[in-house]
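The values are calculated or read from the model by the stated rules, or taken from the named source; none is laboratory data. Worth saying up front: this structure is predicted, and the values here are computed from it rather than measured. No Cβ is skipped: glycine too gets one built from the backbone with ideal geometry, and neighbour counts run over all protein chains shown. Areas reflect the complete protein model, heavy atoms only, side chains present, ligands, DNA and RNA absent. Shrake-Rupley method; radii C 1.70, N 1.55, O 1.52, S 1.80 Å.
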Amino acid sequence: MDGTGDAQQMSNSVLGARSLGKTFANGSVVALEGATFDIRPGSFVSLVGPSGCGKSTLLRLIAGLIERTSGQVSVHGTDVSGPRTDVAMMFQKATLLDWRTAIENVLLPTEMARSVTKDDQKHAAELLKLVGLEEFLFAFPSQLSGGMQQRVALARLLQTGADVLLLDEPFGALDEFTRERLNVELMRIVGEVKATTLFVTHNIAEAIFLADQVFVMTPRPGRIAATIDVPFERPRPLSLQTSPEFNTLVAEVRDVLGDDH
Amino acid sequence: MAVSDGISPPRRIGLTMPRRRLLTHAVIFLVLVGLWEIGSRAGWLDPLFYPRPSNILRSFWLIYVQNGNVWFHLYATLGLVFAGFVAGSILGVGLGALVGFQPLVRRFIKPYVIVLEATPRIAVAPLLIAALGFGAPSKIAIIMLVCFFAPFINTLSGVVNVSEDRLELFNSLGAGKMQVLRKLVLPEALPVIMAGERLALTAALSGALVAEFIQRDQGIGSLILIYTRNLNMASAFACIFTLTIIGFLIFRGMEWIDNRIAFWNTEAGMARVGTKRALAFRGAHG
Ligand SMILES: Nc1ncnc2c1ncn2[C@@H]1O[C@H](COP(=O)(O)OP(=O)(O)OP(=O)(O)O)[C@@H](O)[C@H]1O
Ligand SMILES: [Mg+2]
């Protein structure tokens, strides 16, 4: 690896990694090994792969929630050494606070940094409108459906103001219809806010449909086995998924994953 | 480890029942009281131990109005219950939170918690009297002892069992320790802590009675003892029913407070608070 060239390259990318690795249980579990990539500003990258291939581990390394055991990872050219304000993460569960209304949940990230102003409140209300919940600003989480709860979590993610968004199977627990709708909305929204997005999924078609680039990951040890560019222009209609070009890409991803997917 | 989960919605008795059911209950109650009265008059029930309801009613009038002697004892008992409950539950919640936040302390304190849990707390009452002498301090100590445990255990488990997912969310937002405590741990533990407080207050009443049974100087407990000794069962029953009413009021009062504090566990609570916050927001934003 050419040290100076890589360092140069990394400082220009929004999000980059060099030989990034993470082991658990004193090195006996290799959750992630040798991850090297650079992500273009404003692009949407899907991470796809079977259970246990290190998708969540990679996201949590980038979010600064866990410490790497080898390699480098940087955001906006600076080394990731802990949670930071320009990176935000969304989880499979909505993880809302039951004792707060939707808008109060959205305001949580702001409260962590400073006291909430009227403008912050207005912004949070606008974000809830953006995710289609303008009628439910003052509903409590248990009064909302699973899909609506994830919308609140999405608004909260955007409220952080971070321009690197990490989404770990954000709609994985929802039904097919709700998931498809939310995926389309997610594409629109991250396009609007011009964020760089890393999106984890088990679903190959979903990974391709949403992304500019797909990282295909394989387990034991967890690694990025291939990076596949997705050339389709946006906005993309749902019918894209039945086109021959789309299915060629699906076959390509399947090929990398081998028999166990 | 929790004494109560604090999750299941509080059961409601009385007042919220539909009118038909309430009527049925009233009829059944009157029939039972009537049978008791008739049984007592006809000599099926020993009137010495089972005084007639009409006599109990007269005793109520006697001790509350004519003699008015019960008030002094009632205040004494309620004062004890209040002092012991407040002291015991503050100690319980405080220690529970402290132990909950210190994994090391937790590990070493666990055996003692198990031992304490297995020992009937009341058994220690005579020792406390021996150590503190007769009078209010030892009585309050007994009440503290019986109502310390539920808040302690519930606070401890509430703090320890804070949701992993939410903790990770707070970490990803770069939350500090105090923010995690104030905005996550305490609110999340609140319903469980309140469930502990409910148990503690009920235990405090029993604790006060035991303390008064032992010391026999003042309070409803000693009054019951004296009336029973003098074979004045009607007045003893009047005292007991007084405690029934107090117990019921305590239960409902705690339920009311619980619904205010942990409002998000009931539909009505969420509707109330949601509306209030919406109004406040619209007021602030025109
Ligand atoms: N905290 C941990 N301690 C020990 N092993 C862990 C830990 N976290 C992850 N692992 C292991 O690391 C490997 C990768 O886990 P990771 O959660 O990143 O997979 P994943 O791709 O997100 O899987 P899934 O699709 O099921 O979410 C797995 O073998 C997992 O058991
Ligand atoms: Mg995962």
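Quick notes
- Ratio Rg/Rh, restricted to chain A and using Cα atoms, in which Rh is the Kirkwood radius: 0.97
- Accessible area (Å², per residue) of chain B, counting only protein heavy atoms and a probe of 1.4 Å: 56
- Normalised contact order of chain B, rounded percent, pairs of Cα under 8 Å and 6 or more residues apart: 25
- At a threshold of 50 Å², the residues of region B:263-277 that become less accessible to a 1.4 Å probe in the full protein assembly than in their chain on its own are B:TRP264, B:MET270, B:ARG277.
- Overall dimensions of region B:109-208 as given by Cα atoms, namely Rg and Dmax in Å: 17.6, 56
- Counting heavy atoms of the protein chains alone, A:LYS118 has an accessible area of about 120 Å² for a 1.4 Å probe.
- Accessible surface, 1.4 Å probe, highest first, among residues A:ARG220, B:ARG277, B:ARG260, B:ARG282: A:ARG220, B:ARG282, B:ARG260, B:ARG277
- Checking the cross-link pairs A:LYS55/A:LYS122; B:LYS183/B:LYS276; A:LYS55/B:LYS110; B:LYS110/B:LYS177; A:LYS22/A:LYS122; B:LYS139/B:LYS177 against a 29 Å limit on the alpha carbon distance flags A:LYS55/A:LYS122; A:LYS55/B:LYS110; A:LYS22/A:LYS122; B:LYS139/B:LYS177 as lying beyond it.
- Surface calculation, 1.4 Å probe, protein heavy atoms: B:HIS73 sits at approximately 30 Å² accessible.
- Figure legend: label point modelled 7 angstrom from the Cα of B:ASN67 along Cα→Cβ; residues of region B:31-49 with amide N under 19 Å from it are B:48-49.
- Nearest-ten-degree value, helix B:19-42 long axis tilted from longest Cα axis of chain B: 30
- With each label modelled as a point 7 angstrom along the Cα→C-beta vector, the B:ASP165-B:HIS285 pair spans 2.7 nm.
- Å² per residue, accessible surface of region A:184-258 at 1.4 Å: 46
- Tensor-based shape of chain B (alpha-carbon gyration tensor, a/c under 1.5 rounded, otherwise prolate or oblate): oblate
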